[in-house]
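Report on one structure; see the data block that follows.
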Amino acid sequence: MNGEAVFFTLFTVSACLGALAVVVSQNVVRMAFWLIICLGSTAGLFFLADADFVGAVQLLIYVGGTLVLLVFAVMLTSSGPYVKIETSPGEVILAGMIGLLFLFMVIAAQTGIDWEGTGSRIAEASEIDPPDGTFDTGAEGHTLRPIGMSLLGLRPDRGAAASGTLFTGYLLPFEIVSVHLLVVLVGAAYLARAKRRREA
Amino acid sequence: MFLTLATQSLAELLESAGISSGWQYAGAAVVHMALLFGVFSLCPFFFIWMERKVAGRIQDRLGPTRVGGRFGWLQSLADGIKLIQKEDLCPPAADSLLFRAAPYIVCMASFAAFVVLPFSDGWVAVAADSGLFIMLAVMSLEVFGIILAGYSSGSKWSLFGGMREAAQMVSYEIPLAICAVIPIVAAGSLNLNEIGNMQSGGIQNWFLFHDPFTFIAFFVYFIVATASCKRAPFDLAEAESELVGGFHTEYSGMRWSFFFMGEYASMFAVCGIASILFLGGWNTGIPAIDQGLAAMRASSGPSAYLGGVLGIGVFAVKAVIGVFIQVWLRWTVPRIRIDQVITVCLKYLVPISCFLFLGSITWPLLLHAGQQRTTWTSEPLGERMAAAIPGNVAGRPANPDEPAANPDGSDESRHPASDVPSEAAPAGHAVTWMKPVEVTR
Amino acid sequence: MFSQLIQNLIDHTVETSLGYFQAELWLCGTIVVLLLARLFSLDRLLPGNVLALAGSVTAVFAAWSQLETVQAEPGFSETFFTGLMIQDLFSVYFRLFLALFLVLTVALTILSGIPDGEDAPDFYTLLLGATIGMMIMAGANNLLMLFIGVEMASVPSYAMVGFLKGRRTSSEAALKYVVYGAGAAGVMLYGISLIAGVLGTGDMSLLADRIRIVAEGGVAGLGDAEVRLVVLGVMLVLVGLAFKLSLVPFHFWCPDAFEGASAEVGGFLSVASKAGAFALLVRFAVSLSGPSSAALMSAFGIGLGVIAMVTMTFGNLAAYGQSNMKRLLAYSTIAHAGYMLMAVSAMLVMQNSPQAGALGQEINACIGGLLYYLAVYLFMNLGAFAVVALIRNYTFTEEISSYAGLGRQNPVLAVCMLFCLVSLVGIPPFGGFFAKLMIFGSVYKAGDLHWSMYLLLAVGGLNTVFSLVYYLRVLKVMFIEERPADSRPIRLPSLERAYVSLLGAFVLLLGCAPLLADGLTLLAGEAANSVFSAAVTSR
Amino acid sequence: MQPSLSGYLLIGAVLFTCGVVCMATRRNAIGVLMGVELVLNGANVNLVAFSRYTTLGIDGQIYSLFIIVLAAAEAALALAIALNFYNNHLTIDVDKASSLKG
């Protein structure tokens, strides 16, 4: 039991409990609150998995942006002081059973996988670095520069072979997502605003 | 506050006492977490006292004079004791869970930001590579506590206050982030410790004077930071004349004071960021003294410790001056209207900061075209940075045949709250080039 | 390092990739110009619809020039943007198809005037943005691009469905669409994460090979834990694609969304998003098919066949009781998705059979038939929706009963509708007949390999006969019933008449003009060929 | 509990399942959207874990970055639509949205 394990357990428990509470909660704002707990702990898990940039983005955009928007929408659309959701007990039991079944299926599918063996087989066959290879995400969690480089189309994490072949870089999605954001912004602004009257 | 240094020594101490590895770091982290929290719970006491004194002087009064001596040093402590004694009320119309949880969220978001804020060279709890970004991200969580407080109070004043506050904070996050990124363009790193070290060697190396755009950006940043801390003249959320107390109308006692602890802590945090990004951090700006301090920090034993403490002193003075100016502004500038607040942000501050950002990108290009250099400060920053990153330019192996595997692997446990260097990554290894500067201790 | 970065950017991104990405770039540029024009109040001078039309026409030309260069080199297939996208005749075909369709849709919206001058920039921004997403779907070679393409195509579509924001039905349709759509996208994403994680790559051209590596002994079977997880992932991705294709049981959004949206948007969604999703489905299926995964993929093919049967039967049965024309067309869209899915199913069964080597021509014909079907479907479905939109502008309703006596009052509209509907049924000599014939032929050939394909064929045939009933009901109302005396007369301006006659003429010509039909068949065949050649070369 | 790939995948599966159940049982459109966020987050946890422990490498982190951004865009539009629906219907109960039937 070391520090990492302590934090991992803590974040795991709070993420899972948060997610469960979102499902169980009967009040929309409380759902949002539990969602914050859940997503915040997920960000903590990202920090533990040495993805500090993703964790920070998760906090900034997801928790600080998307969820604020959700809570805003709850406030703007709630007719009573606290929006209650009525769910019949039968429905809850049914959904719970289906959910458990589903969870069991997903877990069953991923147990018994020899991840290391699979990883080394892939690495061997495709001549890329093995999982614990040169790109050591564990090394102090410094993933910022590799991520930036990859977004521009250069793959330092692919190590030795980087000089020759082209590895996947993510310049196109980076740019095209900005177009997408522009389009969505225009759409959302159109839907949310009142019809303008043009001054003659 | 002295986490890296002290965590390590404490961990060693615990290890000698026979406590297994892992637990020693956990123990050290807990102790220092408590220390950090303790120090920053006292910080608001000082700032509140300062606020009252400054307000008094500006209004031609004396301010607190009785409790704890001539200058009323202990006035805030007395206030604190009074607040603890007050009844912890939860209005019947409120959603009790959220009502109780909201102040903690605000407080936690403000305090958690200090985890990545360096107080002196290497004196940082977590030397994160994307420190600035994490700090802004964590601070952006504060808005949640405020919305939840406003919504769960079950009162119209609170609801309106919360909504206003949320709109304001979310809007001001945009120019805040853009302004904070402008010195980053010059520095090429988000690691706050690295940024602080880059500004050593004279006041001309401070990013404030790096180029005209960073100079303006500092002032824009300061305005935006004031607004994002919901300080006057942007304190619309708690506009007493319109909304009674805003989002904290229904709060009393300790919970009420948590909001204020959060507010003062985040004031210090934004001023700390300003001090590191623009004002040289723990560097005094006088080359001789800076070199002396750096030499002290590089040595070992008590003098290194002293060097660190002096660095903290320099840093804290700069940040406290920032807080003082925010206090000063509060008592001299009248509050503006809510629509004006949003207009100022979206119509003026965002375009200005975007323009500054563009300018700061084109500046090195222009300078390079004209003068064959990328900064006009003494030594080109890029070169200093390149030198600081081991193997960045020269160290990148030219031969791709260099062994790629890292035998030690990445599964070495890394303690989240302390910066334990992993045993892996031998020097000159193929990947060292992309690791930023090792935090010198 | 830095110089290598710059070199990469110049060599690969600027010189190669941007050229392949021209059509999309023109559309992006048009979006920016549209918004700038409004920002600087130039929209009187440069109305949004004119800008959008100009941009989409340019995109057609860009795609056309690509078609010529790519066609000159048979079997041309090259990845660009560092392997994220793929350029072959298949993707160029879809790019041209979507750009052409965009021009026709923009023209229709100009004629029917659904976004007024003030909202035009918003509407066309969404329309163009969705089209870019569909083009990316057609050319995606990476699981990330797959997801981005789907998102870029869907999210603006949600807004377009709710574009008539004052109307209750419109906002309700948009809400249902967005809620279900977001859920489907999330499920799909979880599937992508599983596939990418187990196989260790997001590159679609590597997937089949990685399955071989991961599978125990080189043959993928459900006994393998790794393969099980990949299969779960593939099924979750198929849920997302099935949603886009409105396959049963993920069809429930479709009638509501189409009824609530304006007819123009309905036409756009029914053709374009379906085309993009089919392109993606084909690519995804081909990328997973390999020697080691043959048994699994063949089973997938049969599974898709079952879904196709259920989908078309359900679509046709549900269409029978509809009184709203848009709703009827929505169910007809579902049914047609079922017909088109037959081609994919047959393709998978054939490609993953032991005799795949000898069946090369037939496998090609499946996808060729699908592409031909999509091209014909463009004209006939858009034609039907255009008539609905134009009639709505006069009668202010979309009920079938309001079409009574249209045949005598406005023969041009009525005859165009006749062409479209008859072609949708699949009666010679219209394009729909030949398209259906090609697909049915492929399924028949696949029947040699698995008996279920014969069943699929039989169900498809029965459905065709059954669909005649409800299409004819509309035609009966139009041509036999008398127009009520007090109803408003429908007199179209010549431009609109020309537009609908053009669409009607294409529906007819694609069936009975050998030159056009053969040219398209040939092109479709070549395009189909290229999608397989890409898969082969990368293996 | 030591962090491990299967541990992370388990969390991902729990988030995913909770999200799906939430989407299936909620009547409130915003509640459904919260379920969607949970599902997306389950996928993100998977991707980050894969990026840490498998050959997927940093691709996984980049995927999750894009997913976060796309999810934000989707949520923004979905909430605009929900708001628009509320303005027309004065409710955001998905079951009460029933003028379209057939």
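Each reported figure results from applying straightforward, stated rules to the coordinates on display, with no laboratory input. A quick note: this is a predicted structure, and the numbers were derived from the prediction, not measured. A quick note on method: Cβ atoms are made from the backbone with ideal geometry, for glycine too, and the neighbour counts reach across all protein chains shown.
Structure above, values below:
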item	result
Sites B:VAL39 and B:LEU346 - FRET efficiency at Förster radius 45 Å, r taken between beta-carbons, to 0.05	0.75
FRET efficiency for B:ALA298 and A:ARG193, using Cβ-Cβ distance with R0 set to 51 Å, rounded to 0.05	0.30
Span from the the stretch C:208-222 Cα centroid across to the the stretch B:112-162 one, whole angstrom	48 Å
Residue with peak Gaussian network fluctuation, chain D [Cα springs, cutoff 10 Å], from D:ALA43, D:ALA80, D:ALA13	D:ALA80
Where chymotrypsin sites (Phe, Trp or Tyr not before Pro) fall in DSSP loop in the stretch B:54-126, at most 15 other Cβ within 10 Å	B:PHE71, B:TRP73
Label zone at B:SER96, where the point sits 7 Å out along the Cα-to-Cβ direction: the stretch B:142-159 residues whose backbone N lies under 18 Å	B:149, B:152-155
Charge tally in the Cβ shell below 15 Å around C:LEU269, where Lys, Arg are +1 and Asp, Glu are -1, C:LEU269 excluded	+2
Within-10-Å neighbourhood charge of C:ARG38 [Cβ basis; K, R +1; D, E -1]	-3
Kyte-Doolittle mean at least 1.6, axial Cα span of 18 Å or more - DSSP H helices of chain C	C:89-112, C:143-161, C:225-245, C:411-425
Given B:LYS230/C:LYS165; B:LYS86/B:LYS318; C:LYS165/C:LYS476; C:LYS165/C:LYS244; C:LYS176/C:LYS476, the pairs whose alpha carbons are separated by over 26 Å	B:LYS230/C:LYS165; B:LYS86/B:LYS318; C:LYS165/C:LYS476; C:LYS176/C:LYS476
R0 of 22 Å, Cβ-Cβ distance A:GLN26-B:LYS156: FRET efficiency to nearest 0.05	0.35
Estimated distance in nm for a label pair at B:LEU89 and B:ARG57, the labels positioned 7 Å out from Cα along Cα-to-Cβ	3.6 nm
With at most 11 other Cβ atoms within 10 Å, longest stretch of chain C clear of loop chymotrypsin sites (Phe, Trp or Tyr not before Pro) (DSSP)	C:41-395
Shape of the stretch B:48-114, Cα gyration tensor, a/c cut at 1.5	prolate
Relative contact order for the stretch C:293-539, counting Cα pairs under 8 Å that sit 6 or more residues apart, in percent	27 percent
Value of relative contact order over the stretch D:5-91, rounded to a whole percent, pairs C-alpha under 8 Å and six or more apart	26 percent
Shape box of the stretch A:1-86 [Cα atoms, principal axes, largest first, Å]	48, 24, 13
Spatial separation of Cα centroids for the stretch C:445-484 and the stretch C:304-374, in angstrom	13 Å
5 angstrom amide H check on C:ILE427, placed H, neighbours 5+ away	C:PHE433
Part-to-part distance (alpha-carbon centres) for the stretch C:376-410 and the stretch B:165-190, which is given in Å	54 Å
Over chain C: helical MRE at 222 nm, DSSP H runs n ≥ 4 each giving -39500 (n - 2.57), nearest 500	-25500 deg cm²/dmol
Separation of the B:ALA78 and C:LEU516 label points, Cα + 7 Å toward Cβ, nm	9.4 nm
Percent RCO, i.e. relative contact order, over the stretch C:12-141, from Cα pairs under 8 Å lying at least 6 residues apart	35 percent
